[in-house]
Amino acid sequence: MADGRKELIGFTDGARESAQDWPEMLLDLKRLGLHTPPELALADAALGFRKAAGEVWPTTREQRCSVRKTANVLAKLPKSQQPKAKRALQEIWMAETKADAEAAFDALLEIAADVCDCGPARWGRRMAVLNGTWDGIGSWAA
């Protein structure tokens with residue numbers, strides 16, 4: 001909603017979270033009056049939803065759920081590094097400028113570099129996404 005409130009706009013049962021189930025629900029939303037595509041579709045790793053949303057609303061940007069992505073990243077790190085990494089991730093999501101996000105990303109890379117195989121080499125492509133999509137900062141983690 002324009003005022004920041006969340007509103008349930010659809011609900012259906014389905015056999016699975018697949019690209020086969022989602023288009024029907026999204027097309028139902030269009031039939032029920034959702035004529036303007038959403039500006040942003042936020043999802044966890046539900047690839048079926050993300051694929052269907054891209055087909056039904058090609059102009060809608062996608063963003064990966066920062067809570068889920070944070071949990072996934074933290075699971076790759078030793079427990080001793082998780083509090084620092086969590087702060088760095090939160091600073092990425094909450095950055096007011098691209099420069100602030102990049103600084104937080106660099107801090108995250110420093111934390112991860114020496115303790116796991118999920119450091120700079122693996123996250124380099126996410127940085128490229130961040131650089132190209134500042135208007136959708138959470139997209140770096142897609």
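When the stretch 38-61 is filtered for residues that are in contact with a helix residue (DSSP H, G or I) (Cβ under 7 Å, 6 or more places away or on another chain) and assigned to a helix (DSSP H, G or I), the ones remaining, listed by number, are Gly48, Phe49, Ala52, Ala53, Glu55, Val56.
If I ask for residues that are of a type in the set (Gly, Ala, Ser) and under 18 Å from Pro83 (Cβ atoms), which ones from the stretch 93-110 would you list?
First, the residues of the stretch 93-110 that are of a type in the set (Gly, Ala, Ser): 95, 99, 101, 103-104, 107.
Answer for the stretch 93-110, where residues must be of a type in the set (Gly, Ala, Ser) and under 18 Å from Pro83 (Cβ atoms): Ala104, Ala107.
Here Ala85 fits the description: crowded, with 18+ Cβ neighbours inside 10 Å and modelled with pLDDT of 80 or more. Has the stretch 24-36 got any residue that is at positive phi, in the same structural domain as Ile9 (by TED's automatic domain parsing) and at pLDDT 85 or above? Yes: the stretch 24-36 contains one or more residues that are at positive phi, in the same structural domain as Ile9 (by TED's automatic domain parsing) and at pLDDT 85 or above. Only one of the listed residues (Ala95, Ala103) is at pLDDT below 85 and among the small types (Gly, Ala, Ser). That residue is Ala95.
The values are calculated or read from the model by the stated rules, or taken from the named source; none is laboratory data. What you see is a predicted model; the values in this text were computed from it and never measured. Positions of Cβ are generated from backbone atoms using ideal geometry, with glycine treated the same way; all protein chains shown enter the neighbour counts.
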